[in-house]
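Structure, as structure tokens:
Throughout, read-outs are computed from the coordinates displayed, never taken from laboratory work. Computed from a predicted structure; not experimentally measured. Here the Cβ positions follow ideal geometry from the backbone for every residue, glycine too, while neighbour counts run over all protein chains shown.
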Amino acid sequence: MFPSDLRSRSYAAEPLPSATDDRIRAFVASDAAANARLELKAEWILIVFAGRMASLAVREKSEANVKAGLTALALIRGQVDLRDAIIYLSILYDAALRIGADADAIFQSLADLDGPMIRYINAFPARTAADKAAMGFSAIEEPEFTYRKNW
């Protein structure tokens, strides 16, 4: 079951990594996640989680964190405007490249999942480099790597 006691703004402000990341990662990896009916608040939290996983992927050089972030976005069913989730694909793709992973393969590994976000996840690697980079985030290297919104 999704940890319903969370709020996206307070979660976004937590140190990276946090125990909340672990709770959401456990939900995303669970069999129940694929069939969960998520409320609007839960979908926003999954978007925040995806962004946090992109930053952690670079810090920890972890393909698993990239995939966890993508899986979280794949669980979004449209309670939020999908465009708000799509922009996070850019930093997950960038994170995969920064750690030397095959970003295209990681994105394509979710092709068997279902949901409205899958077509965007599958199509993202085919976008131009300029399009992938123009999603409104900056990579901050110091003191610890993180992606920050430019808006």
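What does the charge count near Tyr11 come to, summing +1 for each Lys or Arg and -1 for each Asp or Glu among other residues with Cβ under 11 Å from its Cβ? Don't jump to the answer; show the numbers that get you there.
Numbers: positive: Arg7, Arg9, Arg23, Lys41, Arg52; negative: Asp5, Glu14, Asp21.
Result for the neighbourhood of Tyr11: +2.
In the neighborhood of Met53, defined by Cβ-to-Cβ distances under 14 Å, what is the net charge if each Lys or Arg adds +1 and each Asp or Glu adds -1? Provide the component values of the computation, followed by the final result.
On the way: positive: Arg23, Arg25, Arg52, Arg59, Lys61, Lys67, Arg98; negative: Glu14, Asp21, Asp22, Glu60, Glu63, Asp94.
It works out to a net charge of +1.
Less than 15 Å Cβ to Cβ from Arg77, Lys/Arg counted +1 and Asp/Glu -1: what total charge do the surrounding residues give?
Values: positive: Arg37, Lys41, Arg83, Arg119; negative: Glu39, Glu43, Asp81, Asp84, Asp114.
Summing Lys and Arg as +1 and Asp and Glu as -1 gives -1.
Could you tell me, in Å, what Rg and Dmax come out for the Cα atoms of the chain?
In Å, with Rg to one decimal and Dmax whole: 14.0, 39.
Report, by chain and number, residues whose modeled amide H sits under 5 Å from the one on Phe137, excluding near sequence neighbours (fewer than 5 apart, same chain).
Residues meeting the amide H criterion: Asn150.
Just grab the label-to-label distance for Ser10 and Ala29, each label 7 Å out from Cα along the Cβ direction, in nm (one decimal).
The answer from the label model is 2.6 nm.
Mind listing the phi-derived Karplus ³J(HN,Hα) values for segment 111-119, rounded to whole Hz, using 6.51, -1.76 and 1.60 with θ = phi - 60°, and x for any glycine or proline?
4, 7, 6, 10, x, x, 7, 4, 5
Would you please classify the overall shape of segment 33-72 from the alpha carbon gyration tensor, given that a ≥ b ≥ c denote the square roots of the eigenvalues, rounded means a/c under 1.5, and beyond that prolate means a/b larger than b/c while oblate covers the rest? Write out the running numbers ahead of the final one.
Values: a/c = 5.12, a/b = 1.98, b/c = 2.58.
Oblate, because a/c is 1.5 or more while a/b does not exceed b/c.
Hey, in the GNM for the chain with a 10 angstrom Cα cutoff, which one of Ile45, Ile86, Ile140 fluctuates hardest?
Ile140
How high is the relative contact order of the chain, in percent, counting Cα pairs under 8 Å that sit 6 or more residues apart?
21
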